Each structure stands twice: as C-alpha cells, then as structure tokens.
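The values are calculated or read from the model by the stated rules, or taken from the named source; none is laboratory data. A quick note: this is a predicted structure, and the numbers were derived from the prediction, not measured. Please note: Cβ atoms are built from the backbone with ideal geometry, for glycine as well, and neighbour counts cover all protein chains shown.
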Amino acid sequence: MSNRYDEVPYTSHPYARTHPDRLATLARLFGLQPPSPTTARVLELGCASGGNLLPMAELLPQARFVGVDLSPRQIERARELAAAAQLGNLELHAASILDVDERWGQFDYVICHGVYSWVPREVQDKILAICRERLTSDGVAFISYNTYPGWRMREMVRDMMRWHVRGIASPAAAIDQARALVDFLARSVAGHDHQPHALQLRKELALLEHASDDYLFHEHLEECNQPLYFHEFVDRLAQHGLRYLCESDLHTMLSRELSDDVRRTLDRIAPDLVHMEQYLDFVRNRQFRASLVCHGERTPHRALSPARMHGLRFGLPPTAAGEAIDLWPGVVHSFVDAEERRISSGRSITKAALACLQRSWPRELDFATLHARAATLLRESGIAISEGAESELAADLLECVISGSGLDVRCEPCGAPTALPQRPWAPAVARASAELGRRDQSSPSACRARRLRDRAAGRLRRHP
C-alpha cells in the first residue's frame, strides 16, 4: 500500500470538520466535557503530507500533534513543511496504523479522515481499537467513511474502471485510461435521460470528470474500498466499547427538508437514533459520513438545550458592505454569507447580536459579551429589550448551529489575528507550502509528467 501512495501521493488539504475545537464544540452541545483543544494531544491516522495536521499545529501552539502515514514519501514532505514553518509541537511517523500501541501514549482527539473505508478489515478494527485504547476518557474521535446505499451506483462505476485498467502497471497510464473510459461512458448515455440507469450514471460520471488524478486513483482504482451501512458502523463501535456521538455536520441529522408525511412515518418506524439515521440514509441515498465517536461509558444528552450556548463563542463574517439592518421587531432581515447560507430573523435581539458579530469579525464573542453588546445596540437604537431576550437569543443561536447556517461557533478563541497587519500576511504553513509547491511545479520531472498526461489523455485503448 505504501508504494501506491508513494507513486501517487494524495493531495492533503485542511479539513475544518476535523479541527479539535469543532469536535469539542459538538461534544459540549451534547452535554459532554471534552478536553481543552488548546492544550490537547491530537493523533491523525493517515495524515498524508500534513495538509490537515500542520495548520492545526500552527494555530494551537500549546497542543501536541502526532501524525502517522504508511507513505514515507508523504511523511518526508510533511517534515519538510514542518521544518520550513518552524513547527516544534508535532511528531510525524512513517509507519502503519497497526504499529500504534501504548508507547504512543494517550490522545484527547483522534482524527481518521479518508482512511477507514480504504483499508482492509484488519486495519479498520485497529482504528477502532486505537480509539478505545489510546483515547482519553473524555476524548473524541472523528472517523469518515463511505456508506451504502449511496455508494452502490458509484461502486458500479468503480468496478467498470477497475476492470478496464486491469493489467496496467503504471498508475499514470491507469488514470488516463480510467478517464478515457469515463468520457466514453458519458458519450454513450448522452441523450438518454429518459432511462433511469443513464440518468444516474451521467450524474456519477459528471463528478468524476472534475475529480483530481489522486482522488480518481485512490478512490476508484485501488483494490480496497469498503463502504458499509451506518448501522454496521455503529455495531462495530459497540464491539470496541465505543459510542456514536453525532455527525460533524450537525444539520445532516435533521429531516426538515422532508415532507410532513415522511417525517411522521420516520418517527413511527424509528425507535431510536441509530434507526432514524439509517432510514435517513435510505431516503437520501447517502454516500459518505463523517462521524464523531466517544467512549461507550459516556452518555450524550440528545435533547440539545439553548443553555449550552452560554459556554460557546460565536463569529459571523460581514455581508455586503454598508448593508442596512432594520432592528425593529417583526422586520425580517437575512444575513447571507459567501456560500449563500442564510440566517433570517425578525427578532430584535437576534438581529442586533448578528450585527455585533459582523462588526467584531474576525474576533469571536462569548455569549455573555454578545448579549450585552446586542442589548446596548438596541438601547442606542431606541428599541425596547424584551424580558426574555437572553433566552430568545440562546434559542436562536442554537437554531443557527444545528441548521448549518454561516454562524461560526467555537468553544475557545481561534488564535487568528484580530487586527489588520501593516503588510499582507499568511500563515507560516501556507507560505512554506506555496514555496515548496512552486519548486515542485517548476521541476523538470513535473513538467515532463504533465506533458505525458496531456498527450495520453482521452484515448480509450484495449488491454489484455
């Protein structure tokens, strides 16, 4: 496996959903007491070249980070970046996940993104064993994985590509031929949208046409890719003394987009959380999950309470410059972010609070400060503050959190600059990555690889 990832390194990016502060925030929402992210020990299984782990290490200098990956080439790259960024709070190991044992110590957070479905069952069991044995008592783990039923169609396309490139030893040639097959299949079903098979196939092929080479190779051409049903994952957790906590995207656990009749049926046939989540996967044809996991001895409080907003911090990027906000009660105003996520409210205290968050961005505000500033803004505007304003604000903020709005919620300060620097500024890891990337792209081998890829792409060939 190490040779495959050495030959085709997987592009490594920051993945916000895995950040320890996000994991801690979600755990707090469910009534748990996770360790402080600022001083935590964090383990990433399958860290690749450190694109996710290194930025965390820079922003959380008092925390300790450990990364492990089977590819020596990618670990070497991560070490280069860490040295260039002068990071001293992390360790990087070129090793197998199977090598992680008691000598590695305990961790407050374990991150396993893009690994679980892509390794043999032996390694999958080891990942869960690590979460059980190496995770501190109040720690939280993040595990992402491919799921059925959504992966059924994608699995069919994967089987087609793997069969077509059988016997091709060169990863570059296999990628080129897989793309050529995708193009051929897309043309073969063009104009046949009246056929359900053709319509579904076109949707999958459209996604693959824009996929990166490393994604195509490791997601679809590798031997190992084992999706599973959500209930199967939960059963495996129980076998290792672990408990399902929630999804990293909390809003996916809601069913608000479904009709009233469908929701009533789900309430009737789903006796518990696991059944509800599994039926929702059936309804949505879900393909992927990013789940948070805790020890089985911990008991999450599933009824989310507005009172838990008091221990959190909030942020909201500004919208259009100079946009007027009418704070009078009953006048609905919509706050829309760059991703078109919308927060709409006609409640004065909530509109004032969101306006205060935008004014203070990128500095977050804790709940008490936010409520005080919002109340001051209303008084300055000559608007009376309702008796239950504090409770109303907490309830509205909770709604923003669980609905997937653009509201940023954290449990501790993010550590980002709060004032404009005199000169343009970028994090040390970003600067180091840009410099090393510039050198790589200008190297003779990289230029030759691009020429070969461009010349070979698009020609479907027969193989024995």
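When Phe314, Phe282 are checked against the criterion of being under 30 Å from Ser117 (Cα atoms), at pLDDT 95 or above, surrounded by 13 or more Cβ atoms within 10 Å (Cβ to Cβ) and aromatic (Phe, Trp, Tyr), a single residue qualifies: Phe282.
Of the residues making up segment 191-214, just one is modelled with pLDDT of 80 or more, assigned to a helix (DSSP H, G or I) and of a type in the set (Gly, Ala, Ser), namely Ala206. Of all residues in segment 215-232, one or more are at pLDDT 95 or above, hydrophobic (A, V, I, L, M, F, W, C) and buried (at least 17 other Cβ atoms within 10 Å of the Cβ). Once segment 1-52 is narrowed to residues that are of a type in the set (Val, Ile, Thr) and in contact with a Phe, Trp or Tyr (Cβ under 8 Å, 6 or more places away or on another chain), the residue that is surrounded by the most Cβ atoms within 10 Å (Cβ to Cβ) is Val42. Pairs, please: C-beta under 9 Å, at least 6 apart or cross-chain, first residue in the same structural domain as Leu245 (by TED's automatic domain parsing) and within 18 Å of Asp260 (Cα to Cα) and in segment 271-289, second at pLDDT 95 or above and basic (Lys, Arg)? Between residues of segment 271-289 that are in the same structural domain as Leu245 (by TED's automatic domain parsing) and within 18 Å of Asp260 (Cα to Cα) and residues that are at pLDDT 95 or above and basic (Lys, Arg), the close pairs are Glu277/Arg289; Leu280/Arg286; Asp281/Arg289. Please count how many residues of segment 321-371 are part of a strand (DSSP E or B) and either surrounded by fewer than 16 Cβ atoms within 10 Å (Cβ to Cβ) or under 26 Å from the mean Cα position of the chain (by Cα) (or both). Total satisfying the criteria: 8. Does Val182 satisfy the criteria of being touching a residue at least 60 places away in the same chain (Cβ under 8 Å), buried (at least 22 other Cβ atoms within 10 Å of the Cβ) and either touching a helix residue (DSSP H, G or I) at 6+ places or on another chain (Cβ under 6 Å) or closer than 30 Å to Glu297 by Cβ (or both)? Judged against the criteria, Val182 is not a match. At least 2 residues being without any contact (Cβ under 8 Å) to a residue 60 or more places away in the chain is the threshold, and among the helices (runs of 4 or more DSSP H) wholly inside segment 1-81 those reaching it are 53-59. Residue pairs whose Cβ atoms lie under 7 Å apart, separated by 6 or more positions or on different chains, with the first residue in segment 297-320 and assigned to a loop (DSSP other than H, G, I, E, B) and the second modelled with pLDDT of 95 or more and of a type in the set (S, T, N, Q), are Leu312/Thr25. Summed over segment 249-276, the residues that are in contact with a Lys or Arg (Cβ under 9 Å, 6 or more places away or on another chain) and outside any loop (DSSP other than H, G, I, E, B) give a count of 3.
So, in segment 98-131, of the ones that are among the β-branched types (Val, Ile, Thr) and not in a strand (DSSP E or B), which residue ends up surrounded by the fewest Cβ atoms within 10 Å (Cβ to Cβ)? Give the steps one after another, and end with the answer.
Within segment 98-131, the first condition is being among the β-branched types (Val, Ile, Thr), and the residues that meet it are 100, 110-111, 115, 119, 123, 127, 130.
If we keep only those that are not in a strand (DSSP E or B) too, we end up with 100, 115, 119, 123, 127, 130.
Numbers: Val100: 22, Val115: 22, Val119: 24, Val123: 19, Ile127: 24, Ile130: 23.
Among residues in segment 98-131 that are among the β-branched types (Val, Ile, Thr) and not in a strand (DSSP E or B), the one surrounded by the fewest Cβ atoms within 10 Å (Cβ to Cβ) is Val123.
Go through Val68, Val115 for me and flag whichever is touching a Cys at 6+ places or on another chain (Cβ under 7 Å) and modelled with pLDDT of 95 or more.
Values: Val115 fails: touching a Cys at 6+ places or on another chain (Cβ under 7 Å).
The match here is Val68.
Can you pull out the residues in segment 372-412 that are assigned to a loop (DSSP other than H, G, I, E, B) and of a type outside the set (Ser, Thr, Tyr)? Give the steps one after another, and end with the answer.
Initially, segment 372-412 is screened for residues assigned to a loop (DSSP other than H, G, I, E, B), giving 381-388, 403-407, 411-412.
Gly382, Ile383, Ala384, Ile385, Glu387, Gly388, Gly404, Gly406, Leu407, Cys411, Glu412 - these are the residues of segment 372-412 that are assigned to a loop (DSSP other than H, G, I, E, B) and of a type outside the set (Ser, Thr, Tyr).
Annotation: of all residues in segment 85-97 being in contact with a helix residue (DSSP H, G or I) (Cβ under 6 Å, 6 or more places away or on another chain) and within 21 Å of Asp6 (Cβ to Cβ), the one that is surrounded by the most Cβ atoms within 10 Å (Cβ to Cβ) is Leu92.
Listed by first and then second residue, the pairs linking a residue in segment 136-160 that is in contact (Cβ under 8 Å) with a residue 60 or more places away in the chain to a residue that is basic (Lys, Arg), with Cβ atoms under 7 Å apart and 6 or more places separating them unless they lie on different chains, are Ser144/Arg289; Tyr145/Arg289; Thr147/Arg286; Thr147/Arg289; Gly150/Arg286. Restricting segment 360-381 to residues that are of a type in the set (Lys, Arg) and touching a residue at least 12 places away in the same chain (Cβ under 8 Å), the residue that is nearest to Trp328 (Cα to Cα) is Arg373. Considering Cys246, Cys294, which residue is in contact with a Lys or Arg (Cβ under 8 Å, 6 or more places away or on another chain), more than 30 Å from Asp193 (Cα to Cα) and not in a loop (DSSP other than H, G, I, E, B)? Just a single option satisfies the conditions, and that option is Cys294. Of everything in segment 272-295 that is in contact with a helix residue (DSSP H, G or I) (Cβ under 8 Å, 6 or more places away or on another chain) and among the acidic types (Asp, Glu), the residue that is farthest from Phe142 (Cα to Cα) is Asp281.
Inspection of segment 137-153 identifies at least one residue that is more than 23 Å from Glu223 (Cβ to Cβ) and surrounded by fewer than 21 Cβ atoms within 10 Å (Cβ to Cβ).
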